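Peer 1: Let me begin by handing over the structure; questions about it come next.
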Amino acid sequence: MDDLGTPAQITWCPGCGNFGILNAAKKAVTALIQKGVKRENIVMASGIGCHGKIYDYLGLSGIHSIHGRAAATVQGTKIANPDLKVIAFVGDGDSLGEGISHLIFAAKRNADVTVVMHDNGVYGLTTGQFTPTSEKGFKSPSTPRGSIEDPLNPLVMMLVAGATFVARGYPVKLDHLAEMLFRAMEHKGFSFVEVLQPCVSFNNTYEKYNKLVEILGDVPGTYGEAMALAGRKDRLPIGIFYEAEKPVFHEELYGEWNPVAARLSREERIKRVEGILSS
Ligand code: SF4
């Protein structure tokens, strides 16, 4: 077991893209710790689905949240203790099906949290139903004649919603993905990383992605360029699409006040309660 590992047995299918995401997350968290962030101050949450098992395999404190609510969970964590670095691992079905409003509002508020979407275009844990990012025509137990809907583009959606850091990675490019996760966690404000995650059992996209994935050079200079790149279908660029500075939610909410630093001691609370009871 490595430093950020756990004793849990990994039950993902051999070859699943989730392995690369786990290893990239370990590298990114290790880099963050080396830069001085205390491990106990890095907190994670996950949603429900194959991606959610990362909660059992990555040695960080946190909450294995409920379906679609990991983005809400990390926002609450950050508001409760702004000194923490918080990261949510979410699935495409999980966060765009069950939890789309939480994701959009986290971006809109510029909550100082990181969201990593394991985008495999399928509900893998429940044996392969279509999700909001499944390709049109995708045949599955819930779309036996093929999906008749166009897929959502998570990057475009996050750019429109107001995310101040938007990136994409691919587990086969492990070091690049680790760099994306590290940069996202370092960013002050809402950071979003879409990971193109092949599901070998129900939506094996390795061949397609190996052909289409292309590493971006510099971060695009304008929002318009970022949108154009995010919308590309002929190629699948990976890298940072957009990075901007904007006031973050908890600082707008609290100003200089910090709910942890300002917390009353046990003795002070007892004294106040006694004062109320005796008045
Ligand atoms: Fe990975 Fe798909 Fe297997 Fe789930 S079903 S562990 S996403 S390969």
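The values are calculated or read from the model by the stated rules, or taken from the named source; none is laboratory data. As the structure is a computational prediction, the values presented were derived from the model and not from experiment. Counting neighbours? That spans all protein chains shown, and the Cβs are built from the backbone with ideal geometry, glycine included. The protein model used for the area step is the full one, side chains on, heavy atoms only, and it has no ligands, DNA or RNA in it. Shrake-Rupley method; radii C 1.70, N 1.55, O 1.52, S 1.80 Å.
Peer 1: Only one of these is away from the ligand (no atom under 16 Å from the Cβ), crowded, with 20+ Cβ neighbours inside 10 Å and more than 21 Å from G128 (Cα to Cα): I87, I33, I63, I79. Name it.
Peer 2: So the residue among I87, I33, I63, I79 that is away from the ligand (no atom under 16 Å from the Cβ), crowded, with 20+ Cβ neighbours inside 10 Å and more than 21 Å from G128 (Cα to Cα) is I87.
Peer 1: Taking interchain pairs and intrachain pairs at least six residues apart, which have beta carbon atoms under 8 angstrom, with the first residue in region 1-27 and among the hydroxyl-bearing types (S, T, Y) and the second within 11 Å of the ligand (Cβ to nearest atom)?
Peer 2: The qualifying pairs are T11/K53.
Peer 1: Which one of these is of a type in the set (K, R) and touching a Leu at 6+ places or on another chain (Cβ under 7 Å): K53, K26?
Peer 2: One residue alone meets the criteria, K26.
Here's the yes/no breakdown for (1) farther than 20 Å from T133 by Cα; (2) touching a residue at least 40 places away in the same chain (Cβ under 8 Å):
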site	(1), (2)
G189	yes, yes
V195	no, yes
E207	no, no
A228	no, no
F241	no, yes
F249	yes, yes
E256	yes, no
S265	yes, no
E268	yes, no
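Peer 1: Can I ask one more? Looking only at region 67-76, which residues are surrounded by fewer than 24 Cβ atoms within 10 Å (Cβ to Cβ) and among the hydrophobic types (A, V, I, L, M, F, W, C)?
Peer 2: A72
Peer 1: Can I ask one more? Please pick out the residue among T131, T126, T164, T114 that is hydroxyl-bearing (S, T, Y) and open to solvent by 50 Å² or more (accessible area, probe 1.4 Å).
Peer 2: Values: T131 fails: open to solvent by 50 Å² or more (accessible area, probe 1.4 Å); T164 fails: open to solvent by 50 Å² or more (accessible area, probe 1.4 Å); T114 fails: open to solvent by 50 Å² or more (accessible area, probe 1.4 Å).
Result: T126 is the single residue among T131, T126, T164, T114 that is hydroxyl-bearing (S, T, Y) and open to solvent by 50 Å² or more (accessible area, probe 1.4 Å).
Peer 1: Something else: Kindly indicate the residue of region 118-143 that is within 13 Å of the ligand (Cβ to nearest atom) and outside any loop (DSSP other than H, G, I, E, B) and also farthest from G49 (Cα to Cα) among those meeting that condition.
Peer 2: S140
Peer 1: With under 15 Å from the mean Cα position of the chain (by Cα), over 19 Å from G17 (Cβ atoms), at pLDDT 95 or above and in a loop (DSSP other than H, G, I, E, B) as the only criterion, which of G146, G189 stands out?
Peer 2: Result of the check over G146, G189: G189.
Peer 1: Go through the residues of region 91-106 one by one and say whether even a single one is outside any helix (DSSP H, G or I) and within 16 Å of the ligand (Cβ to nearest atom).
Peer 2: Quick first cut of region 91-106, residues outside any helix (DSSP H, G or I) only: 91, 99.
Next cut, within 16 Å of the ligand (Cβ to nearest atom) only: 91.
Yes, that holds for at least one residue.
Peer 1: Among what's in region 198-213 and is away from the ligand (no atom under 16 Å from the Cβ) and open to solvent by 70 Å² or more (accessible area, probe 1.4 Å), pick the residue that is nearest to G15 (Cα to Cα). Before you say what the answer is, go through the steps one by one.
Peer 2: Keep residues of region 198-213 that are away from the ligand (no atom under 16 Å from the Cβ), which gives 210-213.
Next, from what is left, pick out any that are open to solvent by 70 Å² or more (accessible area, probe 1.4 Å): 210-211.
Numbers: N210: 14, K211: 18 Å.
Within region 198-213, the match that is nearest to G15 (Cα to Cα) is N210.
Peer 1: I would also like to ask the following. Restricting to region 18-28, name every residue that is under 15 Å from the mean Cα position of the chain (by Cα) and under 20 Å from L125 (Cα atoms).
Peer 2: Listed by number, the residues that qualify are N18, G20, I21, L22.
Peer 1: Still on this structure: Considering only residues that are open to solvent by 10 Å² or more (accessible area, probe 1.4 Å) and over 20 Å from E186 (Cβ atoms), look in region 36-50 and name the one that is farthest from the ligand (Cβ to nearest atom).
Peer 2: This residue is I48.
Peer 1: Just to be sure, is V172 under 27 Å from G36 (Cβ atoms), within 16 Å of the ligand (Cβ to nearest atom) and in contact with a strand residue (DSSP E or B) (Cβ under 8 Å, 6 or more places away or on another chain)?
Peer 2: So V172 fails the test.
Peer 1: Which pairs do you get when a residue that is within 11 Å of H118 (Cα to Cα), found in region 35-61, comes within reach of a residue that is of a type in the set (K, R) and within 16 Å of the ligand (Cβ to nearest atom), reach meaning Cβ atoms under 6 angstrom, with the pair 6+ apart or on two chains?
Peer 2: none
Peer 1: Is it true that some residue in region 167-176 is open to solvent by 10 Å² or more (accessible area, probe 1.4 Å) and among the aromatic types (F, W, Y)?
Peer 2: No: region 167-176 contains no residue that is open to solvent by 10 Å² or more (accessible area, probe 1.4 Å) and among the aromatic types (F, W, Y).
Peer 1: Of all residues in region 16-30 being open to solvent by 40 Å² or more (accessible area, probe 1.4 Å) and within 16 Å of the ligand (Cβ to nearest atom), which is farthest from K78 (Cα to Cα)?
Peer 2: F19
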